[in-house]
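Contents: one structure, followed by commentary.
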Amino acid sequence: MTGNPKEKMWSIEGFRIPYPKYSVIWFGPFLPVTNTYHPEPVKAILATSEPKEDYIFDMLRPWLGDGLLLSTGKKWARNRRLLTPGFHFDVLKPYAKIFQGSANDLVSKWRKLCKNGKPVSREMFTDISLLTLDGLLKCIFSVESNCQEEKHPYIRSVVELTQLTMERIRFLPHHIDLIYHLSYNGYKWRRATRRVHSYTKSVIQKRKDALKDPQNGRDKNKKYIDFLDILLSAKDEDGSGLTDQEIQDEVDTFMFEGHDTTASGVSWFLYAMAIKPKLQAKCRREIDGYFQLKGNDQLEWDDLNNLPSLTMCIKESLRINPPVPVITRRITQDISFPDDTVIPAGAFAVILIEAIHKNPLVWKDADLFDPERFASENLKNIPPYSYIPFSAGPRNCIGQHFALNEMKITCATLVYNFEFSYNPAVSIEIEESLIRRTKNGIHLFITPRDSHAIARQ
Ligand code: HEM
């Protein structure tokens, strides 16, 4: 079933957009697959808290358990309510210093690699994933891992599990549990899962012991509340909290959802800067000017609204290369539209975030990187549900402010300290995956800016 663009105008909150609303593809008699890229059905589907399609997510369940990403129904609703305070601005504000610290560590690492100020080519995902994992470890557990410089066993296992998941998704025979678990990758998966779980269990236990003995157990210099504090103190109206297993599932979920997504966002932003040198120079001028006014080059929470060009480039990069390009829902009740069309119960809805972001009837020159779309005077031209890098509705990304602020601090710090240019020796080929990545990574030349020249400006 497909709308005819010539005959029909679908309207969404005052915007009239001629476009097929969705197409239902029938796989045999039982399984309609609904491909959705028009804002109106996207709104209708995302307004519900319908469960996600389990096929791929079931592969993640032994690692992530029943955390927010994978849980459904009452359990999801309760835990989402209990965890939401953990993403309140008052909790997130002090994390700006943590993000800045992790970004500074990457600057030192890269400066050491660029001997005598010479450019070197680096693969972005690898270095930036370690940076985001470093930040998460501090924000979740208050653990200083130094993982950008030294291998940390927990981080190694998280990275291994992420890679094994992507490999499993790409290799169809491994979709069958029995075959996978008899394979060498299946063995490595079980080993890494055991290591990750035993680490999280031990940190949770240590923190619980410390809470019993606040005089001796707590780090008195700690200036922020970490996620573990929030998870351990979260209570229902009847006073019941989260079990150890639930805390472990949520922690593992944040580590998975929070590192690769943000790393993808930062890496694609740097790629955009590398292929758009004028925009890169514009962002750098803005950052240099702001640091000069501020009197130092360290960003805090309150600075983050003062970098409009950088913010617009980040938003445009998230439009062109959304870190989560597709999400899915299992429709459990018919969804009807005023024109009598219906998405039937049982449908597997595929919400194509990338196609929504490039819908040519919403976005003019949709493939063009144009940050001005997000200038404050142009925001009114973007129809609701046409830009959803963090999804929308009740099951949207709980970590979006965390992620955006980490992105702003990391991107600003890196663009301030280095110039980026594209390394044509390694081509960019998109890889079909849960997270927007490329087959061979993103290789960019990084050239350190002369710190004396920066100071003189
Ligand atoms: C640029 C970075 C990020 C992007 C683009 C992103 C995007 C998304 C999207 C599209 C979803 C919806 C998934 C679905 O419906 O299947 C989601 C869910 C989620 N995200 Fe993020 N995310 C990012 C960073 C983070 C961070 C940093 C955290 C945690 C610290 C996080 C935690 C979660 C969780 C727990 C969910 C599940 C929410 C629920 O179902 O209630 N994300 N994210």
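The values are calculated or read from the model by the stated rules, or taken from the named source; none is laboratory data. Since the structure is predicted, the reported quantities are computational estimates derived from the model, not experimental observations. Here the Cβ is made from the backbone with ideal geometry for all residues, glycine too, and neighbour counts use every protein chain on show. When the accessible area is computed, the model is the full protein with side chains, heavy atoms only, and any ligands, DNA or RNA have been set aside. Shrake-Rupley method; radii C 1.70, N 1.55, O 1.52, S 1.80 Å.
Any idea which residue in the range 310-331 is nearest to the ligand (Cβ to nearest atom), counting only those that are closer than 20 Å to E40 by Cβ and out of contact with any Lys or Arg (no Cβ under 8 Å at 6 or more places or on another chain)?
Restricting to residues being closer than 20 Å to E40 by Cβ and out of contact with any Lys or Arg (no Cβ under 8 Å at 6 or more places or on another chain), the top hit is V326.
Checking the structure you have, find out if any residue of the range 407-416 is near the ligand (Cβ under 10 Å from one of its atoms) and outside any loop (DSSP other than H, G, I, E, B).
Within the range 407-416 (the criterion being near the ligand (Cβ under 10 Å from one of its atoms) and outside any loop (DSSP other than H, G, I, E, B)), the answer is yes, since at least one residue qualifies.
Being closer than 20 Å to M255 by Cβ and without any contact (Cβ under 8 Å) to a residue 40 or more places away in the chain narrows it down to one of I140, I155, I128, so name that one.
One residue alone meets the criteria, I155.
Got at least one residue in the range 78-92 being more than 25 Å from V143 (Cα to Cα) and surrounded by fewer than 18 Cβ atoms within 10 Å (Cβ to Cβ)?
yes
Looking only at the range 87-112, which residues are aromatic (F, W, Y) and within 15 Å of the ligand (Cβ to nearest atom)?
Matches in the range 87-112: F87, F89, Y95, F99.
Conditions tested, residue by residue: (1) among the polar types (S, T, N, Q); (2) in contact (Cβ under 8 Å) with a residue 12 or more places away in the chain; (3) open to solvent by less than 10 Å² (accessible area, probe 1.4 Å).
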site	(1), (2), (3)
V266	no, yes, yes
F269	no, yes, yes
A272	no, yes, yes
I275	no, yes, no
L279	no, yes, no
I287	no, yes, yes
Y290	no, yes, no
K294	no, no, no
W301	no, yes, no
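How many residues does the range 127-168 hold that are within 16 Å of the ligand (Cβ to nearest atom) and part of a loop (DSSP other than H, G, I, E, B)?
Number satisfying all stated conditions: 2.
Matching residues to (1) outside any helix (DSSP H, G or I); (2) among the aliphatic types (A, V, I, L, M); (3) away from the ligand (no atom under 16 Å from the Cβ):
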position: L228; (1), (2), (3): no, yes, no
position: L232; (1), (2), (3): no, yes, yes
position: D238; (1), (2), (3): yes, no, yes
position: Q245; (1), (2), (3): no, no, yes
position: D252; (1), (2), (3): no, no, no
position: M255; (1), (2), (3): no, yes, no
position: F269; (1), (2), (3): no, no, no
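Matching residues to (1) out of contact with any strand residue (DSSP E or B) (no Cβ under 8 Å at 6 or more places or on another chain); (2) open to solvent by 20 Å² or more (accessible area, probe 1.4 Å); (3) not basic (K, R):
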{"residue": "N104", "(1), (2), (3)": "yes, yes, yes"}
{"residue": "L113", "(1), (2), (3)": "no, yes, yes"}
{"residue": "M124", "(1), (2), (3)": "no, no, yes"}
{"residue": "S157", "(1), (2), (3)": "yes, no, yes"}
{"residue": "I179", "(1), (2), (3)": "yes, yes, yes"}
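On the given criteria, is Y224 open to solvent by 20 Å² or more (accessible area, probe 1.4 Å) and outside any helix (DSSP H, G or I)?
yes
How about the range 382-415: which of its residues are of a type in the set (S, T, Y) and crowded, with 20+ Cβ neighbours inside 10 Å?
Of everything in the range 382-415, those that are of a type in the set (S, T, Y) and crowded, with 20+ Cβ neighbours inside 10 Å turn out to be Y385, S386, Y387, T410, T413.
Please find, within the range 436-457, the residue that is nearest to E53 (Cα to Cα) out of those that are open to solvent by less than 40 Å² (accessible area, probe 1.4 Å) and modelled with pLDDT under 90.
Filtering first and then ranking leaves I454.
How many residues does the range 359-404 contain that are closer than 26 Å to H259 by Cβ and either within 16 Å of the ligand (Cβ to nearest atom) or over 23 Å from the mean Cα position of the chain (by Cα) (or both)?
Result for the range 359-404: 19.
Please find, within the range 371-390, the residue that is farthest from R330 (Cα to Cα) out of those that are at pLDDT 95 or above and part of a loop (DSSP other than H, G, I, E, B).
Result: A375.
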